[in-house]
1. Do we have G39 as within 16 Å of ligand 2 (Cβ to nearest atom) and of a type in the set (G, A, S) here?
2. Scan R15, R64, R69 and give me the residue that is modelled with pLDDT of 95 or more, among the basic types (K, R) and within 16 Å of ligand 2 (Cβ to nearest atom).
3. Any idea which of A48, A6 is at pLDDT 95 or above, farther than 22 Å from H176 by Cα, surrounded by fewer than 13 Cβ atoms within 10 Å (Cβ to Cβ) and of a type in the set (A, V, I, L, M, F, W, C)?
4. Report, ordered by the first and then the second residue, all pairs with beta carbons closer than 6 Å, sequence separation of six or more or different chains, a first member in the range 106-120 that is touching a residue at least 24 places away in the same chain (Cβ under 8 Å), and a second member that is part of a loop (DSSP other than H, G, I, E, B).
5. Among the residues of the range 1-58, which ones are under 22 Å from L156 (Cα atoms), within 13 Å of the chain's Cα centre (by Cα) and assigned to a loop (DSSP other than H, G, I, E, B)?
6. Condition first: away from ligand 1 (no atom under 14 Å from the Cβ) and under 12 Å from the mean Cα position of the chain (by Cα). Now tell me which residues in the range 92-127 satisfy that.
7. Considering only residues of the range 119-138 that are acidic (D, E) and away from ligand 2 (no atom under 13 Å from the Cβ), which is modelled with the highest pLDDT?
8. It is to be established whether one or more residues within the range 85-99 are in contact with a His (Cβ under 6 Å, 6 or more places away or on another chain), free of Cβ contacts under 8 Å to residues at least 60 places away in the same chain and closer than 17 Å to L16 by Cβ.
Amino acid sequence: MTVNAAEARAALATRLGERGYAHSIAVAETAVRLAEVYGVDRDEAYLAGLLHDWSRDENAASLRDEAIRLGVDVTTVDETVPYLLHARTGAAALRERFPALPERVIEAVERHTFGAAGMTGLDQVIYLADALEPGKDAPAANELRHEVGRIPLGELYARAYAASLEHLVRGRRRIHPATVEAWNSIVEEHV
Ligand SMILES: [Fe+2]
Ligand SMILES: [Fe+2]
């Protein structure tokens, strides 16, 4: 059993602004293309891409309250930048809202910002779709788009993750502890 795509889109439209909704549709469509190239379930890719930013448009205070209510671990970095909670909070909120949503889809939503150790193909597809959807025109995204289908999925994910980490460091942004953990697992798994 799973969730109907039209039903998911209608629910999402009540939660996100126009920009966030357009981004979500673009991520869902990009995820389907990546899923087709790399042999991942396309329906799960569509749903996870569509719903990945379920909690993105909540303001800082309600996001933090919702995270605590749903039992999400709130670190000091999350307290400073509550936006960083949107993936984990969104995943927990989706589990409550759509009990029929496969756990694999929930996990891909949960992991779309920081990644994690032991990312599945679906997890990697959603992480990548978020970074490579057509609205993202960073030079790194353009380079990576050319590699789709030419290099293995895990390698594409490793490169996208490295580009994102470089961007954070150059911009002197905070690095969440989960990012360090995910990066170390990439180094171990994709040497
Ligand atoms: Fe997000
Ligand atoms: Fe996103």
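The values are calculated or read from the model by the stated rules, or taken from the named source; none is laboratory data. What you see is a predicted model, and the numbers here were worked out from it, not measured in a lab. Don't worry about glycine lacking a Cβ; one is built from the backbone with ideal geometry, like all the others, and counts go over all protein chains shown.
1. Criteria not met by G39.
2. Working: R64 fails: within 16 Å of ligand 2 (Cβ to nearest atom); R69 fails: within 16 Å of ligand 2 (Cβ to nearest atom).
The match here is R15.
3. On the way: A48 fails: surrounded by fewer than 13 Cβ atoms within 10 Å (Cβ to Cβ).
Selected residue: A6, the only one of A48, A6 that is at pLDDT 95 or above, farther than 22 Å from H176 by Cα, surrounded by fewer than 13 Cβ atoms within 10 Å (Cβ to Cβ) and of a type in the set (A, V, I, L, M, F, W, C).
4. V109/H52; H112/H52; F114/H176
5. Within the range 1-58, H52, D53 meet the criteria.
6. Step one: list which residues in the range 92-127 are away from ligand 1 (no atom under 14 Å from the Cβ), which gives 92, 95-107, 116-122, 124-125.
Listed by number, the residues that qualify are V105, I106, E107, A116, M119, L122, Q124, V125.
7. Going through the range 119-138, the residues acidic (D, E) turn out to be 123, 130, 133, 137.
Of the ones still in play, those that are also away from ligand 2 (no atom under 13 Å from the Cβ) are 123, 137.
Values: D123: 98, D137: 86.
For the range 119-138, the residue satisfying everything is D123.
8. In the first step, residues of the range 85-99 are kept if they are in contact with a His (Cβ under 6 Å, 6 or more places away or on another chain); the result is 87.
The next check asks that each one be free of Cβ contacts under 8 Å to residues at least 60 places away in the same chain; those that pass are 87.
Restricting the remaining residues to those that are closer than 17 Å to L16 by Cβ gives 87.
Within the range 85-99, one or more residues are in contact with a His (Cβ under 6 Å, 6 or more places away or on another chain), free of Cβ contacts under 8 Å to residues at least 60 places away in the same chain and closer than 17 Å to L16 by Cβ.
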